[in-house]
Ligand code: ADP
């Protein structure tokens, strides 16, 4: 199956005429926004700070209530549902007093229905999966920044959701750790076939990872402008020097600068 190809005509995530403003605000952050993400896509959302990217995520995971419109995941409205998406914020938010394994058990404890042995087995399997076998009984502060983000990603995977929302997960890491984590995440995605929605303000990160980039052009957000990323998968960083990738990078930077300078 090729990435970015819609399966069975079902979308993984769809916004239909979604509007939202924060309590007490007169201006909207989202104004009748519609967009779709297909199963298995890796889609980045880019735009200047404060344009509403995280608000989109908070609407998907129902941390915020929308004013109108419909949001569907897997073809069904999200209202009244739980566990349909995994969310990973910028800072890892691992509880420092719990061991890594205890942190990873959390989504299953919240969902319920797992025996202790089942939880243990799934935690160990996922730790191996993200290259952290043997680190389960350590506390988060014993891990490096990159390892903590891998542990946080493992916890996101353990929600069991097909849709992963990653909100600037690598922006607090130093440059070399960040590019290593980007390659690592691509490897995970190519193996797991999850659908990823990824927020970043780093244009190069967006085009290296994504099959498609959605650009927030202005707030209130009425539409997202979509750009297909031409390099095929599997990718290495060498793809960033392809002429078509350089051209895409430059046009996205030009578009974002236009927004910032008005
Ligand atoms: P981004 O993720 O693109 O940086 P956000 O989605 O966090 O942007 O914010 C979009 C807009 O909504 C910004 O103008 C921000 O000031 C405003 N905003 C964010 N959170 C709140 C809040 N809790 N209450 C009021 N306004 C908010």
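The values are calculated or read from the model by the stated rules, or taken from the named source; none is laboratory data. All values reported here derive from a predicted model rather than from experimental measurement. Ideal geometry is used to build each Cβ from the backbone, glycine not excepted, and the neighbour counts take in all protein chains shown.
When each of 204, 259 is tested for being within 16 Å of the ligand (Cβ to nearest atom) and part of a helix (DSSP H, G or I), the lone residue that passes is 259. Can you pull out the residues in segment 171-187 that are crowded, with 16+ Cβ neighbours inside 10 Å and either in contact with a strand residue (DSSP E or B) (Cβ under 9 Å, 6 or more places away or on another chain) or assigned to a loop (DSSP other than H, G, I, E, B) (or both)? Correct list: 173, 185, 186. What number of residues within segment 131-143 satisfy the criterion of being in contact (Cβ under 8 Å) with a residue 12 or more places away in the chain and under 13 Å from residue 94 (Cβ atoms)? Number of matching residues: 8.
Is one or more of the residues making up segment 163-170 touching a strand residue (DSSP E or B) at 6+ places or on another chain (Cβ under 8 Å) and part of a loop (DSSP other than H, G, I, E, B)? The answer is yes, given that some residue of segment 163-170 is touching a strand residue (DSSP E or B) at 6+ places or on another chain (Cβ under 8 Å) and part of a loop (DSSP other than H, G, I, E, B).
In segment 12-24, what residues are surrounded by fewer than 20 Cβ atoms within 10 Å (Cβ to Cβ) and either away from the ligand (no atom under 16 Å from the Cβ) or under 18 Å from residue 73 (Cβ atoms) (or both)? Matches in segment 12-24: 14, 16, 17.
Which condition number does residue 86 fail, the rest of (1) without any contact (Cβ under 8 Å) to a residue 12 or more places away in the chain; (2) surrounded by 13 or more Cβ atoms within 10 Å (Cβ to Cβ); (3) away from the ligand (no atom under 16 Å from the Cβ) being met? Residue 86 satisfies every listed condition except (1).
Quick grid of which residues meet (1) farther than 14 Å from residue 15 by Cβ; (2) touching a helix residue (DSSP H, G or I) at 6+ places or on another chain (Cβ under 9 Å):
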{"site": "39", "(1), (2)": "yes, no"}
{"site": "50", "(1), (2)": "yes, no"}
{"site": "53", "(1), (2)": "no, no"}
{"site": "59", "(1), (2)": "no, no"}
{"site": "66", "(1), (2)": "no, yes"}
{"site": "79", "(1), (2)": "no, no"}
{"site": "82", "(1), (2)": "yes, yes"}
{"site": "85", "(1), (2)": "no, yes"}
{"site": "93", "(1), (2)": "yes, yes"}
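Filtering segment 223-244 to residues that are surrounded by 15 or more Cβ atoms within 10 Å (Cβ to Cβ) and within 16 Å of the ligand (Cβ to nearest atom) leaves 223, 224. Total residues in segment 25-44 satisfying the condition of being within 16 Å of the ligand (Cβ to nearest atom) and farther than 14 Å from residue 222 by Cα: the figure is 4.
Across segment 99-126, the qualifying residues are those that are exposed (fewer than 13 other Cβ atoms within 10 Å of the Cβ) and outside any helix (DSSP H, G or I), and the one among them that is modelled with the highest pLDDT is 115.
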